[in-house]
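Scroll down for the structure; my scribbles are underneath it.
The values are calculated or read from the model by the stated rules, or taken from the named source; none is laboratory data. Computed from a predicted structure; not experimentally measured. Heads up, the Cβs are rebuilt from the backbone with ideal geometry, glycines too, and the neighbour counts pull from every protein chain shown. Heads up: the accessible areas ignore ligands, DNA and RNA and are worked out on the full protein's heavy atoms, side chains in. Shrake-Rupley method; radii C 1.70, N 1.55, O 1.52, S 1.80 Å.
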Amino acid sequence: MIKITPILIENAKIYTEEQVIENGAVLMQAGKITNIYQPDGIPRSLPENLKVIDGTGLSVIPGFIDGHIHGANGADVMDATEEALDTMALALPKEGTTSFLATTITQAPEQIEQALINVRNYVNKPGQAEIIGVHLEGPFIEKEKAGAQPLQYIMNPDPDVFDRWQELSGNQIKTITMAPELDPEGSFISKLAASGVNVSAGHTDADFSQIKCALKHGVRQVTHLCNAMNGIHHRDIGAVGAAMELEELRAELIADGIHVIPEMLQIIYRNMGSKRLLLITDAMRAKCLPPGEYELGGQPVHVSKDRALLENGTLAGSILKMHEGAKNMLRLNDVSLKNIIEMTSVNPAKQIDIYEKKGSITPGKDADVLLVDKHLSIKYTICRGVIAFKGDESNGNH
């Protein structure tokens, strides 16, 4: 058992669940948040070997949870190796991500199975972002809305196949992206929802009435809103309009300004607010790497400085870093740091039912903590009580 050095962040603005504490302090021990102190409330007796971080001019917020990410820094979940998951888990704290759902892609069933077995066997390591489960994206999707998902491996929803995969994963599949119109009676959706899986409508040709029907069966989320689905039309508001109109739905959002342009991000935010949005990256292996030729789901992908494209020009995931997406949202009208915390931490934790241990600065929860300046530049990322990333020392106020 590795002994974790206790950490105290003092003189910082602390964003707790209930309030914002100016010049407060947070104590972390044994991987957990143990105490939050008001100004001048730090006791004289503190743990030995304590590491003290001066948070003057900075804010303490919960670590980001990326519920949809395929890869980073040359690695991909579908590589199905411990090394690939390690590479991702080591890279993500630099962008403020402290935990994530390892996301698969539509592929040959045996390849999906290898990726699921690999996640089941993976052991999270100190000082890295934590894998908190799997997001199974496909293969139960609509071919007409495949996007970058390989067409030849798309299949209709099959409860026996899903049950086998869930067993192979060690019950690690927390979210599934599927096209709800392929399950018109709702038997597949309702079975998964009853078992606690977060069912998300995506890569779908569903109209508004089909999304509304799927909601009754147990769909509770929309995958990468606006992408690979029907947009708003004045005779049918489609899946995008459904996400805005049906308050029981939360929606993922790739806030890179490319998948969804800034003006649309503003419209979505104005209509849905921070309580119903989940910021994700949907990043592929080229994130953190220079422009060049890469692959996603066995398909060649050309990566420029700001986007990843298939040969036919289709967007192939993103190269977005989580804190950059958060910064893009912070630039919109009426978005505060508190709203960012909801979209990056609170909502993702609640959506997959792990809010009792992640998603807020609360004693007893995992010490997944960020120290950021007013521009959301990351000064420290702490993963389960261990410093995983340290940025530059300036507090951003100069």
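A few remarks follow.
- Alpha carbon centroid spacing (whole Å) that separates segment 53-83 from segment 290-320: 20
- Cα gyration tensor, segment 226-280 - rounded (a/c under 1.5), prolate or oblate: oblate
- Rounded to the nearest 20, the size of the Cβ-charge dipole of the chain about its Cα centre is 1020 debye, with Lys and Arg at +1 and Asp and Glu at -1.
- Shown here: segment 143-221, whose C-alpha atoms stretch 34, 30, 18 Å along the first, second and third principal axes, sorted largest to smallest.
- Hull volume in cubic angstrom per residue (convex hull over the Cα atoms of segment 1-49): 78
- Considering only beta bridges that DSSP places wholly inside the chain, some 50 percent are antiparallel.
- Alpha-carbon spread of segment 318-380, three principal axes, descending order, Å: 31, 26, 24
- On the chain, 48 percent of the accessible area sits on carbon and sulfur atoms, based on a 1.4 Å probe.
- Remark: spin-label model distance residue 289-residue 23 equals 4.9 nm, labels positioned 7 Å along the Cα→Cβ axis.
- Aspartates and glutamates with Cα under 18 Å of residue 358, excluding same-chain neighbours fewer than 8 positions away: 17, 18, 66, 95, 130, 342, 366, 368
- Summed residue charge, Cβ within 9 Å of residue 242's Cβ, Lys/Arg positive, Asp/Glu negative: -1
- Measuring between alpha carbons in the structure, the pairs from 125/145; 327/357; 350/374; 275/374 lying more than 32 angstrom apart are 125/145.
- Alpha-carbon gyration tensor eigenvalues x 5, square-rooted, for the chain, Å: 35, 22, 20
- Estimated FRET transfer efficiency (residue 5, residue 124; beta-carbon r; R0 25 Å; 0.05): 0.85
- Kirkwood hydrodynamic radius (C-alpha pairs) into Stokes-Einstein, segment 190-253, 20 °C and 1.002 mPa s, D in µm²/s: 187
- Relative to the dominant Cα principal axis of the chain, helix 208-217 is inclined by about 70°.
- With the simple model of a label 7 Å out from the Cα in the direction of the Cβ, residue 216 to residue 248 spans 1.0 nm.
- All lysines inside 16 Å of residue 191 as judged from Cα atoms, apart from same-chain residues fewer than 8 positions distant: 174, 216
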